[in-house]
Ligand code: PRX
């Protein structure tokens, strides 16, 4: 654990305003999918693991399973063993009988003069089938193959994901805002020989050239040893090429052209084992290499379907809008798979929430009749700053709202509740991770009261526990922070890290599993990597990461990835990145570097280092500041004291630094940074 840990039992003072309850309105409870408090009893550990049958029963199975949980390869849990199903069938085909003319996807392009698309389930079915035909018959893809997608927020992204799922092909979607370098590394790690991208997309009023990013990705993958044979290019405007990047003959193909040969082709969904792999989602960890988080078909899909129904409270007649990007886990689970599995109408939008003006989001909500809304604290802080009175100008009515991705300050929560929700919507603060597939802590909105700034207890079936560094349980109400763990496995939990079981075992279980040979799930508490405190009522308050991960605007970035990017610049000797507090984004990276002997600090060099981070990792990782310092504060054993740098950036107390190898440098850095 790094030195910035607050998970080792530090005292945590709970402020009085954080302990207020807010009760769900009767109008919400009256229509909620889940109002029976007995659900918690049904999902108690006494009923584990059979209770999860209720999740799996939300899906259509080609073959029912015989074993709910197989622990023989602990901690790689196998759920619903013996079962067979297809995720694409469950998200599309099975809804046709009842809902074929209902909107599956509302798509809002960024330019406001382009029409909104309302794609029905029937239309989605046709497009998924035709796309699957291209993947199967033109590309030769079959179950178990991996395909990398780097698609922006257009309907072609969920269509391509569902087409892969139809064939049992494992998709690995890389966030479109990531650099070509980052995408190339993920292509290589996953062993994909096909990249599916788009020529261009809109952001902030500009049509960005995206094909060029794909070209870099293919080159990077090739250098690492992974050949990409085909690049399939969706066109933002079908029939027109909106990129300046040259086309490479025999490698680059327009999807629009290929699809013509497969018009109205029907592709039978491949019946897959429940334990087959649905997708990989790369996320940052403590080391430089991103982890390919591997999710199953049956366990994952049943988990997100149940959570969409019970925690998101989606009914088929609702219009549901999760503002995340599908390139992150939130989008996979709660824009695509969960909502579509339960026949929802899900909204996706291109561009930024605040472009062309601060009213955009509320205008979309009004026009589409959105009644369930899902976003992050960073977005909420942004709305509050850029247009605090905007929501009142629009005639929309939310009954349910979600906050996800980072801790939310009680003040920001209250603005969300009062101004965005107009005091009429329930709010769920859902705590979870890429690895966990779906929610871990949240209130059940039709049952439990809300508490501003607190995620709530474990959702039904999830049993959290807070452990200190020695593995002792910190009781609820003790007012002490510790490492939050989950006592039991659950169907949405990742299967493993792609090609790296050892890393899976050591990262999540290394600290607390006492017997690595045990086949008993009770011996394998899942360590999330967050510090948390639990109040006497069992409500969990998440305090932040305990490892070398920075949460920027709800996006996880590995400090090592940013530091390695800085070290690609010739002059840089050492680099250390810390999480600096930010009014809107929660935290942002501040980068400290020291130079090799004889190299001179300059503004140009700082810009060069900053650009390197954008190029290697992506624009979201661009440091707020690059501080070129004379030396790094270090322990006598040579470890960089990031905690000291963080205190300087955040204008906090640096504490006692006399035991450092070079205490004098601390004051020099403080003066340089704080003036
Ligand atoms: O630190 C927690 C924070 O985001 C991390 C997971 O990031 P990622 O895998 O990218 O998934 C984001 C979407 C679920 C967690 O370890 N986090 C997530 N949700 C919350 C949160 N922190 C506080 N409150 C939340 N509701």
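The values are calculated or read from the model by the stated rules, or taken from the named source; none is laboratory data. These numbers come from a predicted model, not from an experiment. Heads up, the Cβs are rebuilt from the backbone with ideal geometry, glycines too, and the neighbour counts pull from every protein chain shown.
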- Query: Taking region 546-556 as the region of interest, how many residues are in contact with a helix residue (DSSP H, G or I) (Cβ under 9 Å, 6 or more places away or on another chain) and under 25 Å from residue 467 (Cα atoms)?
  - Reply: 6
- Note on region 380-437: residues under 30 Å from residue 77 (Cβ atoms) and either more than 10 Å from the ligand (Cβ to nearest atom) or not in a strand (DSSP E or B) (or both) are 405, 406, 407, 432, 433, 434, 435, 436, 437
- Report the residue count in region 172-199 for those that are touching a helix residue (DSSP H, G or I) at 6+ places or on another chain (Cβ under 7 Å) and without any contact (Cβ under 8 Å) to a residue 60 or more places away in the chain. 10
- Note on the structure: Checked against (1) over 19 Å from residue 320 (Cα atoms); (2) more than 26 Å from the chain's Cα centre (by Cα); (3) part of a loop (DSSP other than H, G, I, E, B), residue 101 satisfies every condition except (1)
- Would you mention how many residues in region 347-368 are in contact with a helix residue (DSSP H, G or I) (Cβ under 6 Å, 6 or more places away or on another chain) and more than 22 Å from residue 118 (Cβ to Cβ)? 2
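Across region 327-346, what is the number of residues that are out of contact with any helix residue (DSSP H, G or I) (no Cβ under 6 Å at 6 or more places or on another chain) and in a strand (DSSP E or B)? Break it down stepwise before answering.
Applying the first criterion (out of contact with any helix residue (DSSP H, G or I) (no Cβ under 6 Å at 6 or more places or on another chain)) to region 327-346 yields 327-328, 330-332, 334-335, 344-345.
Now restrict to residues that are in a strand (DSSP E or B): 345.
Counting residues in region 327-346 that are out of contact with any helix residue (DSSP H, G or I) (no Cβ under 6 Å at 6 or more places or on another chain) and in a strand (DSSP E or B) gives 1.
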- Taking residue 293 as meeting all but one of (1) within 25 Å of residue 76 (Cα to Cα); (2) part of a helix (DSSP H, G or I), write down the number of the exception. (2)
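Within region 608-645, count every residue that is part of a helix (DSSP H, G or I) and closer than 15 Å to residue 563 by Cα. Spell out the reasoning first.
Quick first cut of region 608-645, residues part of a helix (DSSP H, G or I) only: 608-616, 619-621, 642-645.
Those still in the list that are closer than 15 Å to residue 563 by Cα too: 608-616, 619-621, 642, 645.
Summing the residues that are part of a helix (DSSP H, G or I) and closer than 15 Å to residue 563 by Cα in region 608-645 gives 14.
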- Query: For region 244-289, what are the residues that are under 25 Å from residue 78 (Cβ atoms) and assigned to a loop (DSSP other than H, G, I, E, B)?
  - Reply: 269, 270, 271, 274, 275, 276, 285
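Quick check, is residue 320 outside any loop (DSSP other than H, G, I, E, B) and either surrounded by 24 or more Cβ atoms within 10 Å (Cβ to Cβ) or over 16 Å from the mean Cα position of the chain (by Cα) (or both)?
Values: outside any loop (DSSP other than H, G, I, E, B): yes; either surrounded by 24 or more Cβ atoms within 10 Å (Cβ to Cβ) or over 16 Å from the mean Cα position of the chain (by Cα) (or both): yes.
Here the answer is yes, as residue 320 does meet what is asked.
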- Could you give me the residue pairs with C-beta distances under 8 Å whose first residue belongs to region 547-569 and is in contact (Cβ under 8 Å) with a residue 24 or more places away in the chain and more than 12 Å from residue 616 (Cβ to Cβ), whose second residue is near the ligand (Cβ under 9 Å from one of its atoms) and part of a helix (DSSP H, G or I) wherever it lies, and which are 6+ apart or on separate chains? 554/377; 556/434
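Provide a single number: the residues in region 438-449 that are out of contact with any helix residue (DSSP H, G or I) (no Cβ under 8 Å at 6 or more places or on another chain) and more than 12 Å from the ligand (Cβ to nearest atom).
Within region 438-449, the first condition is being out of contact with any helix residue (DSSP H, G or I) (no Cβ under 8 Å at 6 or more places or on another chain), and the residues that meet it are 440-443, 448-449.
Next, only the ones that are more than 12 Å from the ligand (Cβ to nearest atom) stay: 448-449.
Adding up the residues that qualify gives 2.
When only residues in region 559-577 that are touching a strand residue (DSSP E or B) at 6+ places or on another chain (Cβ under 6 Å) and within 16 Å of the ligand (Cβ to nearest atom) count, which is modelled with the highest pLDDT?
Restricting attention to region 559-577, the residues satisfying the condition of being touching a strand residue (DSSP E or B) at 6+ places or on another chain (Cβ under 6 Å) are 559, 562-563, 566-567, 571-577.
Checking the rest, the ones that are also within 16 Å of the ligand (Cβ to nearest atom) come to 559, 562.
Values: 559: 88, 562: 92.
Looking at residues that are touching a strand residue (DSSP E or B) at 6+ places or on another chain (Cβ under 6 Å) and within 16 Å of the ligand (Cβ to nearest atom), I get 562.
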- Taking the residues in region 450-470 that are more than 26 Å from residue 284 (Cβ to Cβ) and away from the ligand (no atom under 15 Å from the Cβ) as candidates, determine which candidate is surrounded by the fewest Cβ atoms within 10 Å (Cβ to Cβ). 470
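Can you tell me how many residues in region 290-340 are away from the ligand (no atom under 16 Å from the Cβ), over 21 Å from residue 49 (Cβ atoms) and out of contact with any strand residue (DSSP E or B) (no Cβ under 6 Å at 6 or more places or on another chain)?
Matching residues across region 290-340 total 4.
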- Which of the residues belonging to region 361-407 are over 30 Å from residue 436 (Cα atoms) and in contact (Cβ under 8 Å) with a residue 40 or more places away in the chain? 364, 367, 368, 369, 385
- Query: How many residues are surrounded by fewer than 21 Cβ atoms within 10 Å (Cβ to Cβ) and more than 9 Å from the ligand (Cβ to nearest atom) if we restrict to region 519-546?
  - Reply: 9
